[in-house]
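Notes follow the structure.
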Amino acid sequence: MTQMTPIQFQETDLDALATATGRVAILVTPEGELNPPARRANKLTRGAVTRLLESDRFAKAQSGQVITLAWPSGMVAEALDVLVLKKRSSAVEARRAGAVLGKLKGKAALLVAAGSYSRADELAMGIALRNYSFDAHKTGGDSDETPGPVTLSHNRHERIEASAAPLLAVAEGTIMTRDLVNEPANVLTTTEFASRLEEMTALGLKVEVLEEDKLAELGMRTLLCVGQGSDSPSKVVVMEWNGGEEGAAPLALVGKGVVFDTGGISLKPAGGMEDMTMDMGGAGVVAGTMRALALRKAKANVVGLVGLVENMPSGNATRPGDVVTSMKGDTVEIINTDAEGRLVLCDVMWYAQERFNPAGMVDLATLTGAMIIALGHDRAGAFSNDDGFCEAFLRAAEVEGEGAWRLPLGKSYDNLLKSRIADMKNVGGRPAGSITAAQFLQRFVKDDVPWIHLDIAGVASIKSDTDMAPKGATGWGVAALSRLVEDKFES
Ligand code: BES
Ligand code: MN
Ligand code: ZN
């Protein structure tokens with residue numbers, strides 16, 4: 001796994017500004033107020049900072065932006081990053097500002113002299129999140145360089161270090177998700193995925209891998225029919241974090257883990273098919289969230305279940321027209337083998353409810369291309385049978401700066417799934433494709449279980465940089481789910 005940029009917290013040391021190597025960052029307010037580290041940097045550079053404050057460039061600068069002074073005289077550093085930041089910024093603003101510094105940092109060392117800035121913990125999280133890059137398969141060049149460390153100096157560094165710890169736990173979970181989503185499918189096979197999850201037992205998680213024979217015994221025929229054309233064995237991995245009261249019903253997180261989606265016999269077109277390495281994004285978010293909860297020792301019971309399969313065409317792959325029986329007992333006529341995510345999820349969701357009797361269930365999946373048409377790349381689609389639960393999630397996502405938008409469910413959509421020969425079809429046609437997919441899943445949710453379905457097809461991996469991540473996997477959802485757990489499930 002990519003090692004998250006390590007961050008050291010230190011007491012403010014004005015003398016260190018002159019001798020620090022790599023980059024040095026200072027904070028100034030949009031009104032042009034200088035704290036002691038900024039004043040020292042100004043003195044070292046013989047007034048470069050005050051000259052900047054008098055410039056048009058500064059007059060136009062918004063809170064959260066960085067103006068870089070390159071190779072500042074009087075300092076050893078290669079750059080002085082002047083971060084313009086309101087004293088009373090929100091958590092998300094502070095995190096985004098940290099992300100700007102984290103992007104500029106690259107592989108250099110970075111000293112952030114934050115003075116007494118109150119949200120330096122969020123600044124640290126932003127740096128860690130945006131300084132990420134996925135270099136596992138690059139040889140030579142800067143990818144072999146060991147990245148320089150980050151030092152964050154603060155007048156109350158112990159307090160900031162303590163409040164940053166749970167935030168950095170969430171960042172580390174997010175980075176695990178990104179690594180899983182970025183990994184190509186020849187590396188991240190179902191077996192490799194399961195073994196990466198098993199490694200999390202070191203963090204105090206209980207991890208159990210259910211193999212094909214066990215899945216067959218449980219009757220998970222719809223899940224198994226997706227993977228039956230692949231040489232990689234299908235698996236369900238169950239992760240348990242028991243940080244809450246003994247016996248308290250857990251929150252269940254369920255993730256779609258299609259390590260590669262060719263479409264199966266309903267083969268996808270060649271153009272862009274390589275993007276389907278990210279079709280395990282839901283499982284990736286579940287894994288990263290479990291990691292974050294374990295690292296921050298959440299006082300809650302949470303179970304994470306992922307269905308790991310590969311959707312391949314072959315002589316023994318599932319055919320369009322096949323009828324398969326789910327673990328619940330309902331039969332499904334498979335019209336399109338490319339609508340495979342719901343076939344995986346329905347069995348894992350049913351199993352999660354039968355085994356754990358959860359107090360709530362959230363499933364995550366890169367489920368439909370239609371989701372991207374509806375909401376694009378900065379909001380995931382949310383579907384729910386419980387207004388209060390859904391509101392709580394949407395609020396958590398908003399606070400964490402992760403977009404989500406609720407879409408409707410309803411009988412008329414459900415009717416589109418009627419099959420001539422089985423209990424349902426696996427597709428409902430082109431109109432409202434994301435909603436009919438959610439309706440399919442709802443047929444496998446017990447009436448008294450509060451449930452949210454998150455269709456993350458548009459947000460799991462993006463072709464351009466975002467504020468918090470470079471292009472590629474975003475780790476969307478880890479922070480929101482960790483906050484949902486904190487808000488609604490921690491004692
Ligand atoms: N994994 C895809 C959905 C997807 C598409 C995710 C693009 C991310 C980016 C899913 O398995 C799929 O193929 N869905 C079909 C459903 C259809 C056959 C009803 C789709 O969206 O076209
Ligand atoms: Mn598909
Ligand atoms: Zn898929």
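The values are calculated or read from the model by the stated rules, or taken from the named source; none is laboratory data. Just so it is clear, the structure is predicted and the values come from calculations on it, not from any experiment. A quick note on method: Cβ atoms are made from the backbone with ideal geometry, for glycine too, and the neighbour counts reach across all protein chains shown. Just the protein is used for accessible areas: all its heavy atoms, side chains included, with ligands, DNA and RNA removed. Shrake-Rupley method; radii C 1.70, N 1.55, O 1.52, S 1.80 Å.
For the reader, a short list of remarks on this structure follows.
- Residue check for Asp338: within 16 Å of ligand 3 (Cβ to nearest atom) and open to solvent by 10 Å² or more (accessible area, probe 1.4 Å): yes
- Filter result for Glu486 (open to solvent by 10 Å² or more (accessible area, probe 1.4 Å), of a type outside the set (Val, Ile, Thr) and more than 18 Å from Glu398 (Cα to Cα)): no
- Scanning the range 2-61 for residues that are closer than 18 Å to Ala114 by Cβ, in a loop (DSSP other than H, G, I, E, B) and among the β-branched types (Val, Ile, Thr) gives Thr5, Thr12, Thr29.
- Looking only at the range 240-278, and only at residues there that are open to solvent by less than 20 Å² (accessible area, probe 1.4 Å) and outside any strand (DSSP E or B), the one that is nearest to ligand 1 (Cβ to nearest atom): Gly263
- Tally of residues being closer than 29 Å to Ser90 by Cα and either touching a Leu at 6+ places or on another chain (Cβ under 8 Å) or among the charged types (D, E, K, R) (or both) across the range 121-141: 9
- Of the set (1) in a loop (DSSP other than H, G, I, E, B); (2) within 16 Å of ligand 3 (Cβ to nearest atom), all apply to Ser419 but (2).
- Residues of the range 425-452 satisfying the condition of being within 16 Å of ligand 2 (Cβ to nearest atom) and either assigned to a helix (DSSP H, G or I) or of a type outside the set (S, T, N, Q) (or both): Lys425, Val427, Gly428, Gly429, Arg430, Gly433, Ser434, Thr436, Ala437, Ala438, Phe440, Leu441
- Within the range 196-233, considering residues that are part of a helix (DSSP H, G or I) and of a type in the set (Gly, Ala, Ser), the one nearest to Arg178 (Cα to Cα): Ala202
- From the options Gly204, Gly244, Gly255, residue that is in the same structural domain as Ala359 (by TED's automatic domain parsing) and either among the aromatic types (Phe, Trp, Tyr) or within 16 Å of ligand 2 (Cβ to nearest atom) (or both): Gly255
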